[in-house]
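> Just dropping this structure here.
The values are calculated or read from the model by the stated rules, or taken from the named source; none is laboratory data. Bear in mind the structure is a predicted one, so any value in this text is a computation, not a measurement. Heads up, the Cβs are rebuilt from the backbone with ideal geometry, glycines too, and the neighbour counts pull from every protein chain shown. For accessibility, only protein heavy atoms count, side chains too; no ligands or nucleic acids. Shrake-Rupley method; radii C 1.70, N 1.55, O 1.52, S 1.80 Å.
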Amino acid sequence: MKGLVILPTYNEVENIKKVLDSLMNFENIHVLVVDDNSQDGTSEIVKTYPEFDNKVFLIQRPYKMGLGTAYTAGFKWGIEKGYDIFFEMDADLSHDPKDIPRFIEKLKEGYDVVIGSRYINNTISVVGWDFKRLLISKFGNWYATTILGLKQFSDITSGYRVYKKECLEKIDLNKIKSNGYAFQIEMVYKLYKKGCKITEIPIIFYERNGGSSKMSRKIALEAAIIVWRLKFGG
């Protein structure tokens, strides 16, 4: 399977080279960086990377357009280029690339979507968060899965996951409503409703090594609202 890792970036100059380096040893895995006009030189590092235009590619956008549109732009680009599987991964070293083979094994077992869960089997696998942030994350997952009838999943807000192309093609990417972290919830819900076979694997989430978090009250509010829109509007 020919895979594409999509890395949305906004001011990730401290991390981007390390992330790219960590992904270069995987056979049949390419990387697409979707950069939202970073002012710190992130895109310049990508363009001067040794594997640029070979295994590493770049979409430069004119302003900060958000996580959801970055991923949908990456999905469309990758589908057009003929990739078979699509990874979502943070560009801040929160997600361990060594887990990639475990995701692929689950796809080979017949699943369409594999989510990297921080909370599977009633465990908490998060390094570097304080209790308040952990509580917000856990509540957010409980809130979304309860309202949407997805209680079988433990972490539908996780940003580390992989999709098969055939599953992504079942939904209209142009109609995705959310743009922040609510995007993760919306994707799971819509793909589940389309009959995609979804599972979770345990991962360890590491708090970012550098740069600043993109979480905000606006993003959290969007996630709270999108759940009700999905429930009553599809």
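> Where Rh is the Kirkwood radius over the Cα pairs of the range 125-195, the temperature 25 °C and the viscosity 0.890 mPa s, what D in µm²/s does Stokes-Einstein return?
My calculation gives 184 µm²/s for D.
> Work out, step by step, the length gained on full extension between Thr48 and Ile124: first 0.36 nm times the residue separation, then minus their alpha carbon distance; give nm to one decimal.
Going from the current span to full extension adds 23.5 nm.
> Another one. Got a number for carbon plus sulfur as a percent of the range 56-141's accessible area, 1.4 Å probe?
So the carbon and sulfur contribution to the accessible surface is 55 percent.
> Would you mind checking the pairs Lys17/Lys64; Lys55/Lys197; Lys170/Lys193; Lys81/Lys193; Lys76/Lys98; Lys2/Lys76 and listing those with alpha carbons more than 18 angstrom apart?
From Lys17/Lys64; Lys55/Lys197; Lys170/Lys193; Lys81/Lys193; Lys76/Lys98; Lys2/Lys76, over 18 Å: Lys17/Lys64; Lys55/Lys197; Lys81/Lys193; Lys76/Lys98.
> Right, something else. Taking the range 1-94, which chymotrypsin sites (Phe, Trp or Tyr not before Pro) meet the DSSP loop condition and have no more than 11 other C-beta atoms within 10 Å?
Loop-located and lightly packed - Tyr63.
> 5 Å is the cut-off here: which amide hydrogens, built 1.01 Å from N in the peptide plane, fall below it relative to Arg161, excluding neighbours closer than 5 in sequence?
The answer is Glu88, Gly116.
> Might you tell me the accessible area per residue for the range 114-196, computed with a 1.4 Å probe and given in Å²?
Counting only protein heavy atoms, the per-residue value for the range 114-196 is 47 Å².
> Something else about it: Residues with beta-carbon under 14 Å from that of Ser154, excluding Ser154: net charge, scoring Lys, Arg +1 and Asp, Glu -1?
Summing Lys/Arg as +1 and Asp/Glu as -1 gives +2.
> Mind giving me the nanometre distance, one decimal, between the label points for Met1 and Lys175, set 7 Å out from Cα along Cα→Cβ?
The answer from the label model is 2.6 nm.
> Relative to the first principal axis of the alpha-carbon coordinates of the chain, what is the inclination of helix 217-233, with its axis defined by its Cα atoms, in degrees from 0 to 90 and to the nearest 10?
Value to nearest ten degrees: 60.
> Using a Förster distance of 22 angstrom, determine the FRET efficiency expected from the C-beta separation of Ile136 and Ile204, and round it to 0.05.
The calculated FRET efficiency here is 0.70.
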